[in-house]
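Structure first, then comments.
The values are calculated or read from the model by the stated rules, or taken from the named source; none is laboratory data. Just so it is clear, the structure is predicted and the values come from calculations on it, not from any experiment. Cβ placement follows ideal geometry from the backbone for every residue including glycine, while neighbour counts extend to all protein chains displayed.
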Number of protein chains: 2
Amino acid sequence: MSSLPASPVSPPEPGALYLAEIREQPAALRRLLAQRSEFARVAEAARGTNLVRIVGHGSSDNAAAFGVYGFALLPGLTAMRDSISLTVYYGAKLDFRGSTVIALSQSGQTPDVLEYVTRARSAGAFTIGITNHEDSDLARAADALLPLAAGDELAVAATKTYSNTLAALALFAAELAGRGDEVASQLETVAEQQERQIPLLEQAVASIAVPFASVGRMFVIGRGPEFATAREIALKLLETCQIAAEPLTATDLAHGPIAALDHFFPVWAVATDDGSLDVVVEAAARVRAAGATLIASGPAADAIADAQFRLPVPTPPAPLLAPLLSVVAGQLFAGAVARAKGLDPDKPRGLSKVTLAL
Amino acid sequence: MSSLPASPVSPPEPGALYLAEIREQPAALRRLLAQRSEFARVAEAARGTNLVRIVGHGSSDNAAAFGVYGFALLPGLTAMRDSISLTVYYGAKLDFRGSTVIALSQSGQTPDVLEYVTRARSAGAFTIGITNHEDSDLARAADALLPLAAGDELAVAATKTYSNTLAALALFAAELAGRGDEVASQLETVAEQQERQIPLLEQAVASIAVPFASVGRMFVIGRGPEFATAREIALKLLETCQIAAEPLTATDLAHGPIAALDHFFPVWAVATDDGSLDVVVEAAARVRAAGATLIASGPAADAIADAQFRLPVPTPPAPLLAPLLSVVAGQLFAGAVARAKGLDPDKPRGLSKVTLAL
């Protein structure tokens with residue numbers, strides 16, 4: 001009898017995984033929020049900490065830059081992106097008593113992060129691993145585990161694990177501040193905002209990606225919590241588009257790098273309506289005065305006069321959470337530029353998903 | 001009667017000030033060492049600190065990255081590059097009691113650094129200004145002043161104030177550790193090493209600058225104390241040569257940026273014989289495997305196999321002090337490339353010596 005033909009196995013479209021995982025971010029965020037009781041429990045165990053030390057590489061280190069703001073602005077704690085090298089390679093003998101260590105590793109396998117956690121724990125720190133793999137070595141090395149709950153991430157360039165790391169840091173900081181209900185509810189709203197915004201941003205980036213296919217270098221500027229966004233967008237452009245993109249705070253720009261700008265050196269500015277908006281607006285004006293092409297993004301993209309391109313996102317329920325929305329514009333832009341260049345964001349040259357190199 | 005003709009006033013050669021100030025670094029370092037009693041006095045006042053918070057922009061922020069190592073490895077204190085934004089723009093209410101703040105500003109006039117110092121001081125920090133201008137606002141805002149004693153710096157691109165900031169941080173950390181004599185003597189040796197090395201490096205960079213005149217982008221990698229060197233060399237290349245140069249730790253490189261490398265994307269590696277040498281050597285091998293041109297510098301430049309160019313410097317009396325020697329190669333290289341491109345390191349486009357912008 002007749003049978004249906006076997007469905008043809010077509011090779012996956014370049015960047016299909018990357019795009020699917022960007023689109024999945026609202027769902028991933030909701031999966032994280034479903035784990036909230038874990039965050040409350042671990043926050044209880046961390047009470048009394050006087051210094052938060054966050055470590056991680058790549059996108060995790062970018063998320064750590066956000067965490068510094070989350071801990072300062074929610075529970076009022078000093079937080080730092082700690083040096084892994086000092087403890088692991090230089091044998092520094094630091095006083096870890098009273099410190100909470102937060103180790104960020106999507107894979108839970110990053111070797112020097114594991115070694116740092118082991119040493120910090122034996123020197124008196126309370127250590128927490130935040131990872132997407134609950135059965136990983138990091139889960140065994142740390143005192144406590146917080147799940148990213150992003151679901152398997154298959155594209156090499158991280159997207160949903162990055163945004164869930166931001167959310168995990170915000171949620172944990174909120175629990176420490178006794179404001180878990182408030183921030184969890186705000187994160188629910190952010191998931192809805194992402195859901196509505198992603199299709200609009202996909203259309204917007206499609207129309208501007210092609211002119212950027214020939215760009216070799218860019219700056220990405222932001223300040224405050226959005227400096228993490230600037231770092232992460234620059235990393236996406238580097239790894240998926242082979243663009244030499246450097247993240248700078250709006251203030252760094254004035255202290256040297258502005259001298260390098262010209263017509264062939266576009267600048268991406270992330271603008272949010274918070275305490276640093278004036279500084280970012282002023283830096284953007286200097287960029288335009290230097291003749292560089294300007295892309296404005298973020299909830300306050302419209303405040304950047306003279307931008308040739310705009311990728312605005314909604315205003316979040318709290319300014320601290322803007323990076324969860326702002327980064328999506330950069331993720332999608334990088335994906336669109338990569339496609340315009342014939343590159344595959346799912347498998348960037350020379351990278352693997354779990355970085356085991358030192 | 002006859003009189004001698006007035007001597008002709010020729011316009012200064014582009015980069016003449018920058019080069020003179022690089023050459024002056026050994027003398028500037030000795031002037032700093034002559035101020036040692038001030039460092040001992042202020043260290044006495046800072047005893048009992050449990051957290052060192054270092055702030056500054058541009059080259060000062062690069063020096064702060066070195067300071068994190070100096071305080072951890074000499075007195076065993078946790079030190080961080082603190083966020084100016086959090087305190088100045090976001091109004092975070094952090095606990096500054098027990099903290100020593102070290103504010104780095106060549107001019108002593110950087111507005112948000114001043115504001116940070118004022119707020120940190122009123123919140124309980126012991127505040128120290130390190131500046132080249134003892135009569136500046138920073139000197140008035142802080143509890144204590146440490147002089148850079150570098151002499152007036154006239155080129156816009158900082159050189160001798162950067163290296164003296166490194167030395168000031170090392171000397172202050174040493175005094176806190178009760179090791180002032182030892183480190184002051186090591187710094188004397190470094191001044192002698194710089195003196196012998198500078199003419200050799202000037203010759204070496206002259207022969208390799210021209211091929212780099214057409215380079216648009218570079219990475220500069222280092223780890224540990226030499227990450228500060230990577231940052232500062234990248235900043236010199238940005239501001240004097242208009243090269244998009246991004247500093248990365250040797251480990252950062254593997255977490256994404258390696259994907260951007262190709263034949264048109266040279267990498268500068270700073271190698272020192274300390275706890276991070278293996279990591280830097282491994283990263284350099286990945287750079288070569290990606291087909292990128294490699295420049296090796298630092299005291300362990302010879303450990304980098306396959307480098308097309310080498311700019312070695314002497315081995316310092318202590319590995320921690322290597323950045324004072326390694327940075328000179330980058331300063332001179334940037335000056336030579338700028339000249340090859342017809343640019344003037346004394347007056348980079350769009351910059352002024354005192355950055356008053358936010």
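(1) of a type outside the set (K, R); (2) closer than 22 Å to A:L29 by Cβ; (3) touching a residue at least 60 places away in the same chain (Cβ under 8 Å): which one isn't true of A:V337, the others all being true?
(2)
Which residues, taken from the range A:121-136, are within 15 Å of A:L104 (Cα to Cα), among the small types (G, A, S) and more than 18 Å from the chain's Cα centre (by Cα)?
Passing the criteria: only A:S136.
Residues checked against (1) more than 8 Å from every other protein chain (Cβ to nearest Cβ); (2) touching a helix residue (DSSP H, G or I) at 6+ places or on another chain (Cβ under 7 Å):
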{"site": "A:E202", "(1), (2)": "yes, yes"}
{"site": "A:I208", "(1), (2)": "yes, no"}
{"site": "A:V215", "(1), (2)": "yes, no"}
{"site": "A:E232", "(1), (2)": "yes, yes"}
{"site": "A:K236", "(1), (2)": "yes, yes"}
{"site": "A:T249", "(1), (2)": "no, yes"}
{"site": "A:D262", "(1), (2)": "no, no"}
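Output the residues belonging to the range B:137-162 that are over 18 Å from the mean Cα position of the chain (by Cα), outside any loop (DSSP other than H, G, I, E, B) and at pLDDT 95 or above. Before the answer, list the steps.
Taking the range B:137-162 first, the residues over 18 Å from the mean Cα position of the chain (by Cα) are B:137-145.
Filter again for outside any loop (DSSP other than H, G, I, E, B), leaving B:137-141, B:144-145.
Across the range B:137-162, the qualifying residues are B:D137, B:L138, B:A141, B:A144, B:L145.
Name the strands (runs of 3 or more DSSP E) wholly inside the range B:27-110 in which the number of residues that are more than 9 Å from chain A (Cβ to nearest Cβ) is 2 or more. So that I can check it myself, show each step before the final result.
Values: elements: B:51-55, B:79-81, B:99-104.
Fully inside the range B:27-110 and qualifying: B:51-55, B:99-104.
For the range A:42-57, how many residues are exposed (fewer than 14 other Cβ atoms within 10 Å of the Cβ), of a type in the set (D, E, K, R) and at pLDDT 95 or above? Full working, then the answer.
So in the range A:42-57, the residues exposed (fewer than 14 other Cβ atoms within 10 Å of the Cβ) come out as A:44-45, A:47-48.
Among the residues that remain, those that are also of a type in the set (D, E, K, R) are: A:44, A:47.
The next check asks that each one be at pLDDT 95 or above; those that pass are A:44.
The qualifying residues number 1.
Being on the phi < 0 side of the Ramachandran plot, of a type in the set (G, A, S), in contact (Cβ under 8 Å) with a residue 60 or more places away in the chain and surrounded by 18 or more Cβ atoms within 10 Å (Cβ to Cβ): is that true of B:A191 here? Talk me through it step by step, then tell me what you get.
Working: on the phi < 0 side of the Ramachandran plot: yes; of a type in the set (G, A, S): yes; in contact (Cβ under 8 Å) with a residue 60 or more places away in the chain: yes; surrounded by 18 or more Cβ atoms within 10 Å (Cβ to Cβ): yes.
Answer is yes for this residue.
Any chance you could count how many residues in the range B:264-295 are within 8 Å of another protein chain (Cβ to nearest Cβ), part of a loop (DSSP other than H, G, I, E, B), in contact with a strand residue (DSSP E or B) (Cβ under 9 Å, 6 or more places away or on another chain) and under 30 Å from B:L73 (Cα atoms)?
So the count comes out to 1.
Return yes or no: is A:Y116 at negative phi and either within 21 Å of the chain's Cα centre (by Cα) or at pLDDT below 95 (or both)?
Numbers: at negative phi: yes; either within 21 Å of the chain's Cα centre (by Cα) or at pLDDT below 95 (or both): no.
For A:Y116, the condition - at negative phi and either within 21 Å of the chain's Cα centre (by Cα) or at pLDDT below 95 (or both) - is not met.
Would you call B:A290 buried (at least 23 other Cβ atoms within 10 Å of the Cβ), in contact with a Phe, Trp or Tyr (Cβ under 9 Å, 6 or more places away or on another chain) and either touching a residue at least 60 places away in the same chain (Cβ under 8 Å) or over 18 Å from B:R231 (Cβ atoms) (or both)?
no
Please verify whether the range A:303-311 includes one or more residues that are within 11 Å of another protein chain (Cβ to nearest Cβ) and of a type in the set (A, V, I, L, M, F, W, C).
To start, the set of residues in the range A:303-311 that are within 11 Å of another protein chain (Cβ to nearest Cβ) comprises none.
No.
Take the conditions surrounded by fewer than 15 Cβ atoms within 10 Å (Cβ to Cβ), of a type in the set (S, T, Y) and closer than 22 Å to B:G67 by Cα and apply them to B:S214. Does it pass? Lay out the reasoning, then the answer.
Details: surrounded by fewer than 15 Cβ atoms within 10 Å (Cβ to Cβ): yes; of a type in the set (S, T, Y): yes; closer than 22 Å to B:G67 by Cα: no.
When the stated conditions are applied, B:S214 does not pass them.
Name the residue, out of A:G330, A:G298, that is in contact with an Asp or Glu (Cβ under 8 Å, 6 or more places away or on another chain) and within 14 Å of another protein chain (Cβ to nearest Cβ).
Values: A:G298 fails: within 14 Å of another protein chain (Cβ to nearest Cβ).
Of A:G330, A:G298, the one residue that is in contact with an Asp or Glu (Cβ under 8 Å, 6 or more places away or on another chain) and within 14 Å of another protein chain (Cβ to nearest Cβ) is A:G330.
Looking only at the range B:128-152, which residues are buried (at least 24 other Cβ atoms within 10 Å of the Cβ) and of a type in the set (S, T, Y)?
Keep residues of the range B:128-152 that are buried (at least 24 other Cβ atoms within 10 Å of the Cβ), which gives B:128-131, B:138, B:142, B:146, B:148, B:150.
Once the filter is applied, which keeps residues that are buried (at least 24 other Cβ atoms within 10 Å of the Cβ) and of a type in the set (S, T, Y), the range B:128-152 yields only B:T131.
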